[in-house]
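Structure first, then comments.
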């Protein structure tokens, strides 16, 4: 496969791969799948879906991390190379789909609350965002994120209720992981890129909260995160 260009925010804040869990997900996939890539500047105006990450491949832009991974999986298979999800059973595919959607469409909003609604989280996000966007933009971003939270529904809950939702999600994935090296067994699959990304979005974030503490209380989740970092993210501080 030809080298692709990955467009995403440039900082690796707090020793994590990226500010965005979806960027972490995609870049982790590229590393596990051994797809050659380079990092490029990003602009929401250029993003096909209006979001990061997006890639340039074969002189065209593609957006949405899940759609990108699905396309790259097809290309690997077509080239006779080992796509991550090749050989999965229907049962494992179902588990992967449910876990991915739970993290990306539900747990994601717990993270939005922790980072943008809570004052201590917003202070950390503002400090990082000022490295690549004008400071006056940040209150507008916060307002947009709070609106998103309210419209989706998570923002209508109390802090304790939101924490309970996040803790329950992490308890569930810890139970599914069990003592396996990866979520579905001995081999990393694309769903592992998602799970790793959302662990990275919470654990290194320098604000304590019940969700982080619950993750750290699950020895298997801690070992799982470290396993992926040690193998595919050795360049991180």
Restricting to segment 28-62, and then to whatever is touching a helix residue (DSSP H, G or I) at 6+ places or on another chain (Cβ under 7 Å) and in a strand (DSSP E or B), can you tell me which residue is surrounded by the most Cβ atoms within 10 Å (Cβ to Cβ)?
55
Count - residues of segment 63-110 that are within 17 Å of the chain's Cα centre (by Cα), surrounded by 12 or more Cβ atoms within 10 Å (Cβ to Cβ) and assigned to a helix (DSSP H, G or I):
19
Quick check, is residue 100 at pLDDT 95 or above, over 26 Å from residue 37 (Cα atoms) and either touching a helix residue (DSSP H, G or I) at 6+ places or on another chain (Cβ under 7 Å) or not assigned by TED's automatic domain parsing to the domain that holds residue 221 (or both)?
no
Considering only segment 219-236, state which residues are in contact with a helix residue (DSSP H, G or I) (Cβ under 7 Å, 6 or more places away or on another chain), surrounded by fewer than 18 Cβ atoms within 10 Å (Cβ to Cβ) and over 22 Å from residue 36 (Cα atoms).
220, 222
Of the numbered conditions (1) farther than 14 Å from residue 103 by Cα; (2) touching a residue at least 40 places away in the same chain (Cβ under 8 Å); (3) in a helix (DSSP H, G or I), residue 144 satisfies every one except a single condition; which is it?
(2)
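The values are calculated or read from the model by the stated rules, or taken from the named source; none is laboratory data. Every value quoted in this text rests on a predicted model; they were computed, and no experiment measured them. Counting neighbours? That spans all protein chains shown, and the Cβs are built from the backbone with ideal geometry, glycine included.
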